[in-house]
Every structure is written in C-alpha cells, then in structure tokens.
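*Asks:* Attaching a single structure in structure tokens format; questions to follow.
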Amino acid sequence: MLPIFATFITLTLALAAEPCAKAPSWTFQNLNITTRDEVGETGTASFGFTYNLSNQTDSVTCPLHSNYRCTITGTRSDNSTIIDLQLGLGTVYLTVFEVLGCGTTFVGNSELKVDCDTVPFGAHTCTAGGATIQGVAGG
C-alpha cells in the first residue's frame, strides 16, 4: 500500500495526463466582422468560441490589424489558447493552437465562407454561422 502522499502524487500525475487521451476540438459560432477598407481605419471581429473537451464557451472580441486580421492569446477559459483569424475575399481563415495540461500542443485550422454587406467607402459587415475545428497533435 502506498503512503497517502505517494498516492496523491500518482493521482495528480494521472489527472494531468488525462486531457491528452483525447484530441481537442473547438467550435466557432456567430462570427461577426466589421471593418472599413481604408488605411488607418479599424475593425473588430467577435464570435463565440467553445472548448469542446470541457464544453466551455467564451465570447471573444478582437481588434483587426490592417483591417483583416486578429490574433488572440489566451481566453477566459484557457490562457494557453491562441486564435488567429484572417479575413480574405469571401472567406475567413481560422487557426487555433492550444497546449493541454499534459504538455502536448494541438493545432487546427479551417476556412469559412462569409456573407458580406459592403457599402462603397463605408463599413463592411461580414457574418458566418460556425465551424468545428479538430485539433491535431504536434502543432
């Protein structure tokens, strides 16, 4: 029989390794992007982001750099997650990096078609429904 302290350490190590028994996936919902196609103008992207292993959802908003890209480092639910979003012609490109408790880095990416309303010399508003991205070890 193991002493209580040794049992605790064994249990803690087993729990730390548990998350990597299954690869994570993430779901983007209700993506909204507002931007202007003018130098010096800013825009924002907002969306729901769900960690499917824990079923935790965060509402994320980020400023667009160069009016078409944002990178989020850490969310309320997980500070190791990096989300990269890039808007192209009618498409948004999504990439997620996450380091799980066992130390393994997972990466996943996807493309979503977006519907955009464009006002000449005005705001561009783009929306997309959602997508689930499967993580792959070794990112």
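*Asks:* Can you give me the ranges of the strands (runs of 3 or more DSSP E) entirely in the stretch 87-139 with at least 1 residues that are in contact (Cβ under 8 Å) with a residue 24 or more places away in the chain and touching a Lys or Arg at 6+ places or on another chain (Cβ under 7 Å)?
*Replies:* Counting at least 1 such residues, we get 123-134.
*Asks:* Tell me the residue from Gly88, Gly101 that is open to solvent by less than 70 Å² (accessible area, probe 1.4 Å), closer than 22 Å to Ala137 by Cα and modelled with pLDDT under 90, please.
*Replies:* Result of the check over Gly88, Gly101: Gly101.
*Asks:* Please determine whether any residue of the stretch 36-48 is over 18 Å from Ala131 (Cα atoms) and open to solvent by less than 60 Å² (accessible area, probe 1.4 Å).
*Replies:* yes
*Asks:* So which of Asn32, Asn67 ends up being in contact with a Ser or Thr (Cβ under 6 Å, 6 or more places away or on another chain) and either at pLDDT below 90 or of a type in the set (Phe, Trp, Tyr) (or both)?
*Replies:* Asn67 is the lone residue from the list that is in contact with a Ser or Thr (Cβ under 6 Å, 6 or more places away or on another chain) and either at pLDDT below 90 or of a type in the set (Phe, Trp, Tyr) (or both).
*Asks:* Could you please let me know if Ala123 is surrounded by fewer than 18 Cβ atoms within 10 Å (Cβ to Cβ), farther than 29 Å from Cys20 by Cα and of a type in the set (A, V, I, L, M)?
*Replies:* yes
*Asks:* How many residues does the stretch 63-76 hold that are under 17 Å from Gly88 (Cα atoms) and either free of Cβ contacts under 8 Å to residues at least 24 places away in the same chain or not in a strand (DSSP E or B) (or both)?
*Replies:* Here the count works out to 7.
*Asks:* So, one more: Considering only residues that are open to solvent by 80 Å² or more (accessible area, probe 1.4 Å) and under 19 Å from Val107 (Cα atoms), look in the stretch 58-75 and name the one that is nearest to the chain's Cα centre (by Cα).
*Replies:* Selected residue: Thr73.
*Asks:* Moving on to the next point. Answer with yes or no whether Ser80 is open to solvent by 20 Å² or more (accessible area, probe 1.4 Å) and either over 14 Å from the mean Cα position of the chain (by Cα) or closer than 18 Å to Gly129 by Cα (or both).
*Replies:* no
The values are calculated or read from the model by the stated rules, or taken from the named source; none is laboratory data. Small disclaimer: the values here were computed from a predicted structure and weren't measured. So basically every Cβ, Gly included, is an ideal-geometry build from the backbone, and we count neighbours across all protein chains shown. For the accessible areas, the whole protein counts, side chains as well, though only heavy atoms, and no ligand, DNA or RNA atoms are used. Shrake-Rupley method; radii C 1.70, N 1.55, O 1.52, S 1.80 Å.
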